[in-house]
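Input: a single structure, listed below in structure tokens.
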Amino acid sequence: MKVLLFNGSPHKDGNTATALAEVARALEAEGVETETIQVGGEEVRGCIACGKCADNDHRCIFDDIINEALDKAETADGFIFGSPVYYASPNGTMISFMDRLFYAGSQYFAYKPGACVAVARRGGTTASYDVLNKYLGISNMVQIGANYWNQVHGRLPGEAAQDLEGMQTMRILGKNMAWMLKLIENGKSSGIEHPTPEPKQMFNFIR
């Protein structure tokens, strides 16, 4: 079993990285392999809604980190998306990344467990957490939580480690993710498969 962790912060050794590393340690302690992908700092352009990914093997026509992530997501078993908070929202790079990632390849995330983590100096974590979770909730994913919302606080690099409650939340998140992965694996071995997707029903209010 393998979980991909995506760091949306441009600071690869910042507080978002600290939070994700705590989740990764908990997962690895449960025998789950992890890989962290650095998204922040990359030049990630926004989605232009061209729809070309549908005819491009579910890959974006802009060949960048999105397609690299989709190549790995296709065979991964779970996902953690971490973002710093900018103006009470995930940062722009992470939003562009998530828009294109899920628009092009949402089928690689369906029926797999995922979780989102928001990191801030002070405010805006719950608003950012809500934005990130929207991608999971529209993609048939199993959303993983902990004993509190998945958020950590810190301003300067390393300060997140001093947020004892936040670090505990990250550890519990990792354990809960590992537990769900094992349940899914055991279910499959017992012949329990995920639901058969229904054809999408589209309804436009403007006709």
Failed item in (1) touching a helix residue (DSSP H, G or I) at 6+ places or on another chain (Cβ under 8 Å); (2) in a loop (DSSP other than H, G, I, E, B); (3) not aromatic (Phe, Trp, Tyr), with Ala118 passing the rest
(2)
Where a residue in the range 127-140 is under 11 Å from Ala88 (Cα atoms) and its partner, wherever it lies, is surrounded by fewer than 17 Cβ atoms within 10 Å (Cβ to Cβ), with Cβ under 7 Å and at least six apart
Ala127/Ala88; Ser128/Ala88; Tyr129/Trp149
Kindly list, by first and then second residue, each pair from a residue in the range 21-47 that is on the phi < 0 side of the Ramachandran plot to a residue that is assigned to a helix (DSSP H, G or I) and among the acidic types (Asp, Glu), limited to pairs with Cβ atoms under 9 Å and residues at least 6 apart or on different chains.
Thr34/Glu28; Ile37/Glu68; Gly46/Asp99; Cys47/Asp99
Looking at Asn67, is it under 22 Å from Arg100 (Cα atoms), in contact with a Lys or Arg (Cβ under 6 Å, 6 or more places away or on another chain) and at pLDDT 95 or above?
yes
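Residues checked against (1) surrounded by fewer than 15 Cβ atoms within 10 Å (Cβ to Cβ); (2) under 24 Å from Glu68 (Cβ atoms):
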position	(1), (2)
Tyr103	no, yes
Ala115	no, yes
Arg121	yes, no
Val131	no, yes
Gly137	yes, no
Ala146	no, no
Trp149	no, no
Gly158	yes, no
Ala161	no, no
Please find, within the range 102-115, the residue that is farthest from Gly166 (Cα to Cα) out of those that are part of a loop (DSSP other than H, G, I, E, B) and not aromatic (Phe, Trp, Tyr).
Ala110
Restricted to the range 34-66 and to residues being closer than 23 Å to Val23 by Cα and of a type in the set (A, V, I, L, M, F, W, C), the residue surrounded by the fewest Cβ atoms within 10 Å (Cβ to Cβ) is Ile37
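Output the residues belonging to the range 71-90 that are surrounded by fewer than 23 Cβ atoms within 10 Å (Cβ to Cβ), of a type outside the set (D, E, K, R) and in contact with a Leu (Cβ under 8 Å, 6 or more places away or on another chain).
Quick first cut of the range 71-90, residues surrounded by fewer than 23 Cβ atoms within 10 Å (Cβ to Cβ) only: 71-77, 86-89.
Right, trim to of a type outside the set (D, E, K, R) and you get 73, 75-76, 86-89.
Ala73, Ala76 - these are the residues of the range 71-90 that are surrounded by fewer than 23 Cβ atoms within 10 Å (Cβ to Cβ), of a type outside the set (D, E, K, R) and in contact with a Leu (Cβ under 8 Å, 6 or more places away or on another chain).
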Considering every residue within the range 76-94, establish whether at least one is modelled with pLDDT of 95 or more, hydroxyl-bearing (Ser, Thr, Tyr) and more than 24 Å from Pro10 (Cα to Cα).
no
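Mind listing just one residue for me: the one in the range 36-94 that is part of a loop (DSSP other than H, G, I, E, B) and of a type in the set (Ser, Thr, Tyr) and, of those, farthest from the chain's Cα centre (by Cα)? Before the answer, list the steps.
If we filter the range 36-94 for residues that are part of a loop (DSSP other than H, G, I, E, B), which is where we start, we get 39-51, 56-64, 74-77, 87-88, 91.
Now narrow it down to the ones that are of a type in the set (Ser, Thr, Tyr): 75, 87.
On the way: Thr75: 15, Tyr87: 20 Å.
Top of the filtered list is Tyr87.
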Any chance you could count how many residues in the range 149-207 are assigned to a loop (DSSP other than H, G, I, E, B), touching a strand residue (DSSP E or B) at 6+ places or on another chain (Cβ under 6 Å) and in contact (Cβ under 8 Å) with a residue 12 or more places away in the chain?
1
Being surrounded by fewer than 10 Cβ atoms within 10 Å (Cβ to Cβ) and of a type in the set (Lys, Arg) is the filter here, so list the residues in the range 176-207 that pass it.
Lys200, Arg207
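The values are calculated or read from the model by the stated rules, or taken from the named source; none is laboratory data. Just so you know, these numbers come straight off a predicted model, no measurement behind them. With ideal geometry, Cβ positions are generated from the backbone for all residues, glycine too; neighbour counts draw on all protein chains shown.
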